[in-house]
Amino acid sequence: MTSSGTTSAAGGSSRGEAWNTAWELLLPAAAAPARQRGRALQSALRDAVRSGRLAAGTRLPSSRELAADLEVSRGLVTEAYEQLTAEGYLRSDRGAGTWVGDATRPAVRGTRDLAPRAAGALVDFRPGTPDLSLFPRAAWAATHKSVLARLPHRALGYPDPRGLPELRTALASLLTRRRGVVADPESLVVCSGVAQAMTLLGFVLHGHGLRTVGVEDPGSPEHASLFAAAGLSTTPLPLDDEGLATEPLERSGARAVVTTPAHQFPTGIAYSARRRTELLDWARSVDGLIVEDDYDGDFRYDRAPVGALQGLDPDRVAYTGSVSKSLAPGLRLGWLVVPGRLADEVIERKRTMDLGNPALDQALLADFVNRGGYDRQLRRCQRAYRERRDTLVAALAEHCAGSEVSGIAAGLHIIATLPERYGPGPRFVERAAAAGVAVRPLADYRVASAEDRGVRLVIGYAQLSPSDIVRGVRLMAEAAMP
């Protein structure tokens, strides 16, 4: 380095420090290949300012001096100074040199992962997550390669906000065949999961003058925040043994309600035929809407799944579901079958929200469904989850004698009521957590309904191997005993 030893007496020390700093930070960039050197020099200088290593007010060497120090052309340095001055990182005073500007603040370093996890848990019984190791990686990769090879260029443009026609057609056929849904591809909207479907409906209902939506209690804790984003409040409505109780619904004044009739979350009951009829009668009498969340309707282990409520009255029921339980929640792919009278408004809201889901992912799922891959995946998951449910029920009977499992044999979780000796409920959950077992009580899903007596747990099992299920129940039982 030549310049650091030639500073003048007046202010020479500070100028020398600036030259040393610039030289040390920029030297690696100066060693970049010739065609990349200019861009690398600009990037290194920009990063030095952003990080604070070149502080605001620092005077930089002249372009001639820095070029000599770095053994690059003066033009590269001049261009870098001019570019960063235009961007606001540097300022240049005619005849007074180049300085680091004061508009930049050091960038925040590090990234956080906000994905929901139970930190430190040896066994995680919290419900809602499938076995992600069952994701069909080989079949998905082969489908991806095949679809990408034949997908026309135009398909990579902005898609129909409802979704690609081939995916909407494939999903309509699938839902009609497997769930008894009356599905017209023209009123089926591909969404980023059920969460987006709820938000879309919330905005549309708000536009129709509604300000509250009824929700099951106990029920999904996510509904309140999803509808709140659309300007709606939620009214918790109690359940009985047949499903959502109709008398409280009628008294509530609500004209829209969210239900999980095939397998209520979290209690695990299936709505009775009588209750389904009563709900439809209510919707017709108040010109209302039933939102059917069929979150795990394909997973029934003791008989064929009960068909969707939507099939009984497509004009009064909006039907939604996703691949989150059958494939993986990270795909963010779901669907909303909306009554015709609301279709145009939902589609327009979807367009303004995100311009549609990724075209390649949609084309891939359409091919996967049409070629039978999705049906094979469902059969694979059903076998695995049925085995794990049976293992969990047996483990509770062995290690927590006297426990009762309620709800139908379906889905990815059970409700277990433990004997009084394990109570009280909050203390049981604390002891289980201390033993490395994450589990949620049914009380966590209640809003206004009566609190549970004793220990009632919502236990998810899909994401665990049979051996981990047995281990978790054993640890939980041992830790909770006095």
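Look at the Cα gyration tensor of the range 173-289: its axes a ≥ b ≥ c give a/c under 1.5, and that counts as rounded. Based on Cα atoms of the range 297-358, Rg over Rh with Rh as the Kirkwood radius reads 1.04. Report the local net charge at residue 236: Lys and Arg +1, Asp and Glu -1, summed over other residues whose C-beta lies under 10 Å from its C-beta. Around residue 236, the surrounding residues sum to -1. The alpha carbon convex hull volume per residue for the chain rounds to 219 Å³.
The phi-based Karplus calculation (6.51 cos²θ - 1.76 cosθ + 1.60; θ = phi - 60°) puts the 3J(HN,Hα) values of the range 363-369 at 4, 5, 5, 4, 5, 4, 5 Hz, whole numbers, x for Gly and Pro. With the highest mean first, a sort of the peptides 239-247, 419-427 on other beta-carbon atoms found within 10 angstrom per residue produces 239-247, 419-427. The amide H of residue 234, built 1.01 Å from its N in the peptide plane, has 213 as neighbours under 5 Å, considering only residues 5 or more places off or on other chains.
Separation of the range 306-338 and the range 461-481, taken as the distance between their Cα centroids, equals 32 angstrom.
For the range 218-295, carbon and sulfur atoms together expose 50% of the accessible surface, with a 1.4 angstrom probe and every protein chain in place. Less than 5 angstrom separates the built amide H of residue 98 from those of 60, all sequence-distant by 5 or more or on a different chain. Calculated from DSSP H runs of 4 or more alone, at -39500 (n - 2.57) each and per residue, what is the 222 nm mean residue ellipticity of the chain, nearest 500? My calculation for the chain gives -13500 deg cm²/dmol from helical runs alone. Across the range 371-387, coupling constants 3J(HN,Hα) worked out from phi with the 6.51/-1.76/1.60 Karplus curve, θ = phi - 60°, read 8, x, x, 5, 4, 5, 5, 5, 5, 4, 5, 4, 4, 5, 6, 5, 4 Hz, and Gly and Pro carry x. Over the range 274-412, Cα pairs under 8 Å with separation of 6+ residues give a relative contact order of 24 percent.
Ranked by the mean number of other Cβ atoms within 10 Å of their residues, highest first, the peptides 31-42, 51-62 come out as 51-62, 31-42. How many percent of the accessible area of the range 324-428 is carbon or sulfur, using a 1.4 Å probe? Within the range 324-428, the accessible surface is 49 percent carbon and sulfur. Excluding ligands, DNA and RNA, the accessible surface per residue across the chain is 47 Å² with a 1.4 Å probe. Here the Karplus curve 6.51 cos²θ - 1.76 cosθ + 1.60, taken at θ = phi - 60°, turns the phi angles of the range 270-284 into couplings of 10, 4, 6, 4, 5, 5, 4, 5, 4, 5, 5, 4, 4, 4, 5 Hz, with x standing for Gly and Pro. For the range 83-172, just say rounded, prolate or oblate: build the C-alpha gyration tensor, square-root its eigenvalues into a ≥ b ≥ c, call rounded for a/c under 1.5, and beyond that prolate if a/b exceeds b/c, oblate if not. Cα axes put the range 83-172 in the oblate bin. Taking the DSSP beta bridges with both ends in the chain, the antiparallel portion is around 60 percent. A cut-off under 9 angstrom between Cβ atoms defines the neighbours of residue 458, and their net charge, with Lys, Arg +1 and Asp, Glu -1, is +2.
The values are calculated or read from the model by the stated rules, or taken from the named source; none is laboratory data. Please read these numbers as outputs of a predicted model, since none were measured by experiment. Cβ coordinates were reconstructed from backbone atoms using ideal geometry, including for glycine residues, and neighbour counts include every protein chain displayed. The accessibility values were calculated without ligands, DNA or RNA, using every heavy atom of the protein model including side chains. Shrake-Rupley method; radii C 1.70, N 1.55, O 1.52, S 1.80 Å.
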